[in-house]
Amino acid sequence: MTSTLPATATAPAAAQTPPARTDRPGRRTRPPGLRSSRSDQVLCGLLLVAVVAVQGWNITHYPTLSDDEGTYLAQAWAVQQGEGLAHYTYWYDHPPLGWIQIALLTWVPSLVSPESMTVGPMRIAMLLVSAASAVLLYVLARRLALPRWAAGLAMALFGLSPLSVVLQREIFLDNLAVMWTLLAFCLAASPSRHLWHHFGAGIAAATAVLTKETMLVVLPALLVTMWRHSHRDTRKFALTGAITACALIGVSYPLFALLKGELLPGGGHVSLWEGITYQMSRPGSGFVLDEGSGSYGVLQSWLYYDRVLPLGGLAGAVLLLAVWRWSVTARALAGPALAVGILALVALRPSGYLPAMYIIQALPFLALVLAGAAASVAHAVLRRGRREGERRYVTGIRVVAAALLAAAAAVYVVPRWYDGDRTAVTADANAPYRGAARWLATEVEDRADQRVLVDDALWLDLVHAGYEPGPGAIWFYKADLDPAVTETMPRGWRDLDYVVASPTVRRDAVDLPTVRDALEHSRTVASFGEGPARIEIRQVTADAAVGASRGDAR
Amino acid sequence: MSERPPSRGDLGIWGDLLLTSVFIAAVSLALFWMAAFTLWWQMHAWRTPEVLASTRFGRPEGGEGLSFSLLLPARHEQAVLDHTIQRLLQSRHTDFEIIVIVGHDDPETTEVACAAADRDPRVRVVVDTHEKKNKPKAMNTALPYCRGDVVGVFDAEDQVHPDLLAHVDHAFRATGADVVQGGVQLINFHSSWYSLRNCLEYFFWFRSRLHLHAQKGFIPLGGNTVFVRTEVLRDAKGWDPDCLAEDCDLGVRLSSAGKRVVVAYDSDMVTREETPGSLVSLLKQRTRWNQGFLQVYRKGDWKRLPGFGQRLLARYTLMTPFLQAASGVLIPLNAAIALFLDVPVGVAFVTFLPAVTALVTFVFEVVGLHDFGRQYGLRVRPVHYLKLVVGGPFYQVLLAGAAIRAVWREQRGRSDWELTSHVGAHLTEVTREDVPA
């Protein structure tokens, strides 16, 4: 463990020593790849089946449909319908590449059965993404020189943690971005150190950023990985190529805005500039360790599902960074450890905005560093200071110690994960949504003329039930925030027929006057579910101001 | 139907826009693939560290086995010839002869050559008596006199490394090759803006692209530092005396006959040369090569290549000067259309593809210049990078001009060596024009 080189693909390069002239210049010997290793294939295949089974079973019923899923899927639907990038004015909130991919993923199913283009059923498309990410993570772990068992461990941590299961099931752009990021890392750590693999890594990285812009902060870690895995003689070409590719693909987004004449603010149109300004100036959710702040709540919601992966991964990253000098594994995992470090620091900004899906982009790196730390510890216990002819009982102690550590970890993790994952494969959190969707599709007459405020998660159900997308079925906050929609409602809440008061609608109504008014001037005609998670369908009635809704607003 | 004929204007505009879009998209995609392939090939040597390592000469071991006949055609080169001969004689290989080829109408050069022959028995002089002279005729004249196993070609102003022959000897024996092409490198990148680009062209060509050609089994050879087994050369009947790019032609004929060509490049073993002395001579040199490539293309020897991919590569490589000329004009035009004409956003994106590839090429050229400086221990300053980038479009114009000129001359049947018209006036540039890239 004294060498400064990682024990990774930088195995003695043919280029270091003048090679014997081979028959054909340009032929090279390739290090044995994963594709040829039967054990890797079997292990990765078995884990993949487990991950897909756990994530796929009951995917439509759990977790609760999220407003954001509805947003992205609806925009994907708009893309499929050829209506542009959104059925409302696209205002550069996020780069559109994410839901363009969702549109592609759901294209065939939506052709076969158009009604299935709603959030619940279309979560199945995310299974493909999860599966691809899990396999890429295994490949990356092997390329970063983790032993086979540790690569398997990383894949299991990434795919089976209850936190992952919940978040990766959902139609979030972050999940797609993670897939591209993992592809970029895999290409950056390519054992053949091929110029165009590194170039491809740049393209994949740019795709990741254009899928979800927050991936930008992970790019330095990618660069470190690429640096470590490139060869001195070709490095400058490889790295410049990758950076150029990334920059050129990235520039396509402003270019797109420029071509549409929407790069800079101007009268009567949205602009990329304003979109970015909005995202940068989003009100902060407080310091993450400050009890009572929004960020703290988000952190607690993650830890509710799983503590092992977030906290263990963070500890693993700290451990790897601390033993950098002595551990080959630590140096091999420099990229992922750095990614965890950057993401942790960004989350610790006192005034930053911490969205609930923030942790998704950290999950693969947390899994990698945790598995890497486990490998490092295992190596230290089993092999460190070991000499030829070590006494048998010392070896015995080593083995017993390792077994005890593994058993202790298993005793801690397995019951917790079993409970979490059992909930994920059995619970039905979406019965109220399905009930509400069914009621609105059957009990309301004249649906084409009805105007309904609804949260994004239910919006596509209404569209399939015959409500007119846009002016009929209305994303509730557009009634207050989108001038194009407000214009169609000159009389405010009086122009509405129904409000579907889901938890999201009740929560956000505080800041949305029209929605608040509509809730106040309506009465419940059907209710699904119990307590704070219930969904009420409220009919707007001019005279019957029903005070009850006010108390529910928060 | 006949009551209201469709408004021609509306439909016309719509139809025009559609047609324009399709046309622009098609042109853009074609340009993109062209530029992408060229870039891919240009970067061949740096694809992996292993490929880069394999482009070098192997270390000579196991003694010497071959004898060399080194051809040195010289015309009005009395000023530099003796120095070149002396340097060649310093070669550490033990078994070679130098055959200096001079014209019967060139007493000054002949005098220098004969003096050298008197001093050292390894130097011999052959006199070329052709009425109209050119390099292939001169070399064909000398071919029957070659006694070595291998014929090597140098130019009269070349600086040849003393260890080169030993390395070439080893390369022949280690690989069983029929042809070994060594590296040629223009060095004086600081002389002018175009010499900077010219040097870099050589760098990418000999350092990288030629190796790909050798690997694929289709290679246009260079004009010097090229070594061919004597019997192979005699079987091929030497060089084509009527071709303006006789070296390229020889390479094409030998690869079509299935001969094995090996390329090796070592920065300390390359033959160093200088760029043409003026923009006009560079233009003339490039015109001649382009015309030569066109002639080789029309001769059609490359059609005998066994593989479809090889024939495609041959067709593409020989047409490159003309494609390059076209793309140099079309890429900016295309980008301008995308920006200023009201085409759909998707189409506009496609039109940027070639420009993107061109930009990537630019970036790699900058890195290449850095590497060039490193390899040769030359100091590359920021102003050189600036010249490289700014000079790019102008160099494209130059290349396009040379390509158009070549087609023009070939059409009018003017296949004389342009240099004959100013023999004696521009001595140095005459010889420099003999190095194809």
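We did not get these values from a lab; they are worked out from the coordinates using the rules stated. Since the model is a prediction, treat every value here as computed from it, not as a measurement. All Cβ positions, even for glycine, are placed from backbone atoms using ideal geometry, and neighbour counts span all protein chains on display.
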Phi-based couplings in Hz for region A:348-357 (Karplus 6.51, -1.76, 1.60; Gly and Pro marked x): 8, 4, x, 10, x, 9, 10, x, 5, 8
Residue order, fewest to most beta carbons within 10 Å, for B:SER208, A:SER37: A:SER37, B:SER208
Taking the C-alpha atoms of region A:431-552, convex hull volume expressed per residue in Å³: 89 Å³
A:LEU289-A:ASP449 FRET efficiency (beta carbon distance; Förster radius 56 Å; 0.05 resolution): 0.60
Mean separation of Cα contacts under 8 Å (6+ apart) over length of region A:431-552, as relative contact order %: 26 percent
Descending Cα extents along the principal axes, region B:51-278, whole Å: 48, 43, 35
Chain A: relative contact order in percent, alpha carbon pairs under 8 Å with at least 6 residues between: 16 percent
Choice from B:ASN224, B:ASN290, B:ASN188 showing the highest fluctuation, given a GNM over chain B with Cα pairs closer than 10 Å: B:ASN188
Region B:88-161-region A:345-360 distance, computed between alpha-carbon centres (Å): 76 Å
Span from the region A:109-130 Cα centroid across to the region B:370-418 one, whole angstrom: 55 Å
Most mobile listed residue (B:PHE68, B:PHE340, B:PHE206) in chain B, GNM with C-alpha springs under 10 Å: B:PHE340
Against the rule of thumb 2.2 N^0.38 Å, how large the Cα Rg of the protein assembly as shown comes out: 1.18
³J(HN,Hα) computed for each position of region A:65-82 - Karplus, 6.51 cos²θ - 1.76 cosθ + 1.60, integer Hz, glycine/proline x: 4, 9, 4, 5, 4, x, 4, 5, 5, 5, 6, 4, 4, 4, 4, 4, 6, x
Neighbouring partner chain Cβ atoms per residue of B:347-360, average, 10 Å criterion: 2
Kirkwood Rh and Cα Rg combined as Rg over Rh, evaluated for region B:172-222: 1.10
Distance between region A:432-501 and region A:368-410 - C-alpha centres, whole angstrom: 61 Å
20 Å cut-off, amide nitrogen to a point 7 angstrom out along A:ARG507 Cα→Cβ, residues in region A:420-442: A:424, A:428-437
B:GLU131-B:LEU19 FRET efficiency (beta carbon distance; Förster radius 60 Å; 0.05 resolution): 0.60
Of the trypsin sites (Lys or Arg not before Pro) in region B:237-314, those whose Cβ has at most 16 other Cβ within 10 Å and which sit in DSSP loop: B:LYS237
Likely footprinting exposure, B:GLU64, B:GLU365, fewest C-beta neighbours within 10 Å first: B:GLU64, B:GLU365
Shielding of A:234-245 by partner chains, average beta-carbon count, 10 Å: 5
Average projection area in nm² (convex hull over Cα atoms of region B:270-429, one quarter of hull surface): 13.7 nm²
A:LEU258 versus A:SER39: modelled label distance in nm, points set 7 Å from Cα along the beta carbon direction: 5.3 nm
Calculated FRET value between B:TYR316 and A:SER281, using beta carbons and R₀ = 51 Å, to 0.05: 0.45
GNM result for chain B, Cα springs below 10 Å: residue of B:PHE322, B:PHE362, B:PHE372 fluctuating most strongly: B:PHE362
Exposure proxy order (Cβ contacts within 10 Å, fewest to most) of A:MET179, A:MET122, B:MET319: B:MET319, A:MET122, A:MET179
Sequence-distant residues sharing a close amide H with B:VAL263 (under 5 Å, placed H): B:GLN181
Gain on full stretching of the segment that runs from A:VAL108 to A:TYR304 - 0.36 nm per residue minus C-alpha separation: 66.9 nm
Relative contact order of region B:105-210, pairs being alpha-carbon contacts under 8 Å that are 6 or more residues apart, as %: 11 percent
Chain A, Cα convex hull volume normalised per residue, Å³: 174 Å³
Measure of compaction for chain B (Cα Rg per 2.2 N^0.38 Å): 1.08
Amide H partners (placed H, <5 Å) of B:LEU70, local residues excluded: B:GLU97, B:ILE98, B:ILE99, B:GLY152
Expected 222 nm ellipticity per residue - DSSP helices of 4 or more, -39500 (n - 2.57), all of the protein assembly as shown, to 500: -18500 deg cm²/dmol
³J(HN,Hα) computed for each position of region B:57-63 - Karplus, 6.51 cos²θ - 1.76 cosθ + 1.60, integer Hz, glycine/proline x: 5, x, 6, x, 8, x, x
Degrees between helix B:78-89 axis and first principal axis of chain B (Cα, 0 to 90, nearest 10): 70 degrees
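How well do other chains shield peptide B:51-62, expressed as the mean number of their Cβ atoms within 10 Å of each residue Cβ?
Mean number of neighbouring Cβ atoms from other chains: 5.
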Cross-link pairs beyond the 19 Å C-alpha cut-off, checked among B:LYS216/B:LYS237; B:LYS237/B:LYS284; A:LYS212/A:LYS260; B:LYS137/B:LYS237: B:LYS216/B:LYS237; B:LYS237/B:LYS284; A:LYS212/A:LYS260
Projected label distance in nm at A:VAL49 and B:ARG414, using a 7 Å step from Cα toward the beta-carbon: 7.7 nm
0 to 90° range, to nearest 10: angle between helix B:107-119 axis and chain B longest Cα axis: 50 degrees
Between helix B:246-256 and chain B: long-axis angle, C-alpha atoms, 0 to 90°, nearest 10: 80 degrees
